[in-house]
Amino acid sequence: MKLSNEDVELFYSLYHPLLVYVNKKFGIIKGVDSPDDFKKYFVEDINKLREGLYKHPELINSFVAENPLNFSANELKIISRWNDFVKGKFLIFRHLKNYTVFLDTDDPPKAYGVVALNNTFEEMVGSRLPVMVEAVLLPFNDKIIYDSILSPYPITFGGGIRRSFNDVYQEAKSRFGIITSLPFSIEKVEQSDAAKLKFYLRSIRNREMYWEEIDELTNKDPDLLTLYHQEMGKIHARTYGKRLREVGLTNAWFAILDGITIASGATKDEVERILQSILPAEKRKFVYIFRLKEK
C-alpha cells in the first residue's frame, strides 16, 4: 500500500523545507537553498541532510517554532510529530494489504506496519523477502511512513535463518501487535499473561525455548494452568485426530488430559459422564474435549 498522491505531495512539501532548514543551519551542501535545488543532487547528497536532521532532532522543534514558510497549524503538527521518528535496521518482512511489515529484530522485537510513498515497497525491493534495509520511520497523520530513502543491504538469507525471523515476527506480533502509529511505548503496551502463554505454547520450538517462562506462569496463576492444559489439549487433539482417522474412527468424542486420551464416546454427554465417574472433580477443568469429525 502507498499514500495517496495528495498525501505524498503534502509530505514532500513539509519534509524538504525541513531539510533545507537543516542545511542552512550547518551548511552541509553548498547551493541547496530551496526544495527545488534538490533536483540537482543525487540521493547520496540529500542523505547527508537527513543524517544531519536525525543527529540534531531538536531542529524539528526549532523549525516549527520559527515557521519560516508560514505553514498552517495542522502542517506544523505533522512536522512536530516527526520527533517520534524511529531510525535503524529493519527487515522488510511481509507485504500485506494495508502496509508492509518492517521487522525490528532487537530485544524486544517489534513489527511496524509501514505505508510507502510514490512506489510500493514491493516495486522497490521485490517480493522475495526478507530484505534488510536501513530506514527512518515517521508518523504521518494516522499512519507510519518512511522518509523517502531506503538503504538496502546486499544480504541474502537461507531457509534456517528465515524460519528464525518468522519466530521473531510471531513474538513481536504476540507481544505488541503490528505497530501502525508512532510514538510507540513498550511501557504502555500491557500484554496479558494469557497472551504470553499462548505464544510460548504455539510451537515445539517455542515450548522448548520458553519452558522456564511457561513453568513460571502456570505456577503463579491457577487460571493460567487451566489455559495451559486447554492449549496443549488442542495441540494433542490435532495429532491424535489424524491418527484416529487413519484407523477409521469418525464422528466420535474424545477427552485428553496431559497428552493422554482418557475417555471417548459417541456423544459429548457420554464422555462427560465417563469423566464424572473416573476423574477427580478438581481435574475436570484441565481436560480438553474434542469431536473427531469426518473429513
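The values are calculated or read from the model by the stated rules, or taken from the named source; none is laboratory data. Because the structure is predicted, anything quoted here is derived from the model rather than measured. When we count neighbours, we look across all protein chains shown, and the Cβ atoms used for this are built from the backbone with ideal geometry, even at glycine.
Could you give me the residue pairs with C-beta distances under 8 Å whose first residue belongs to region 105-117 and is under 29 Å from D7 (Cβ atoms), whose second residue is part of a strand (DSSP E or B) and of a type in the set (S, T, Y) wherever it lies, and which are 6+ apart or on separate chains?
Between residues of region 105-117 that are under 29 Å from D7 (Cβ atoms) and residues that are part of a strand (DSSP E or B) and of a type in the set (S, T, Y), the close pairs are G113/T100; V114/T100; V114/Y146; V115/T100; A116/T100; A116/Y146; L117/Y146.
Would you mind stating whether I149 is part of a loop (DSSP other than H, G, I, E, B) and modelled with pLDDT under 90? Working first, answer last.
Numbers: part of a loop (DSSP other than H, G, I, E, B): yes; modelled with pLDDT under 90: no.
So I149 does not fit the description; no.
Please work out which residue is nearest to E171 (Cα to Cα), limiting yourself to region 77-110 and to residues that are hydroxyl-bearing (S, T, Y) and in a loop (DSSP other than H, G, I, E, B).
Initially, region 77-110 is screened for residues hydroxyl-bearing (S, T, Y), giving 80, 99-100, 105.
If we keep only those that are in a loop (DSSP other than H, G, I, E, B) as well, we get 99, 105.
Working: Y99: 19, T105: 10 Å.
Of everything passing the filter in region 77-110, T105 is nearest to E171 (Cα to Cα).
Working carefully through the options I235, I214, find the one that is free of Cβ contacts under 8 Å to residues at least 24 places away in the same chain, of a type in the set (A, V, I, L, M) and outside any loop (DSSP other than H, G, I, E, B).
Details: I235 fails: free of Cβ contacts under 8 Å to residues at least 24 places away in the same chain.
After applying the criteria, what remains is I214.
Among (1) under 30 Å from D107 (Cα atoms); (2) among the hydrophobic types (A, V, I, L, M, F, W, C); (3) assigned to a helix (DSSP H, G or I), there is one condition L182 misses while meeting the rest; what is its number?
(3)
Assuming I260 fulfils every condition listed in (1) surrounded by 14 or more Cβ atoms within 10 Å (Cβ to Cβ); (2) closer than 19 Å to L225 by Cα apart from one, which condition is it?
(1)
Scanning for something in contact with a Gly (Cβ under 9 Å, 6 or more places away or on another chain), modelled with pLDDT under 95 and either charged (D, E, K, R) or outside any helix (DSSP H, G or I) (or both), does region 38-61 turn up at least one residue? So that I can check it myself, show each step before the final result.
Quick first cut of region 38-61, residues in contact with a Gly (Cβ under 9 Å, 6 or more places away or on another chain) only: 40-41, 59.
Still in the list and also modelled with pLDDT under 95: 40-41.
So of that shortlist, the ones also either charged (D, E, K, R) or outside any helix (DSSP H, G or I) (or both) come out as 40-41.
Yes, region 38-61 contains a residue that is in contact with a Gly (Cβ under 9 Å, 6 or more places away or on another chain), modelled with pLDDT under 95 and either charged (D, E, K, R) or outside any helix (DSSP H, G or I) (or both).
What is the number of the single condition among (1) closer than 30 Å to W82 by Cβ; (2) surrounded by fewer than 17 Cβ atoms within 10 Å (Cβ to Cβ); (3) touching a helix residue (DSSP H, G or I) at 6+ places or on another chain (Cβ under 7 Å) that K198 does not meet?
For K198, the exception is condition (1).
S264 versus (1) in contact (Cβ under 8 Å) with a residue 24 or more places away in the chain; (2) under 12 Å from R291 (Cα atoms); (3) not in a helix (DSSP H, G or I): which is the lone unmet condition?
(1)
Can you work out which of the residues in region 4-37 that are of a type in the set (S, T, N, Q) and assigned to a helix (DSSP H, G or I) is surrounded by the fewest Cβ atoms within 10 Å (Cβ to Cβ)?
First, pick out the residues of region 4-37 that are of a type in the set (S, T, N, Q): 4-5, 13, 23, 34.
Retained after the next criterion (residues that are assigned to a helix (DSSP H, G or I)): 5, 13, 23.
Working: N5: 10, S13: 13, N23: 21.
Out of the qualifying residues, it is N5.
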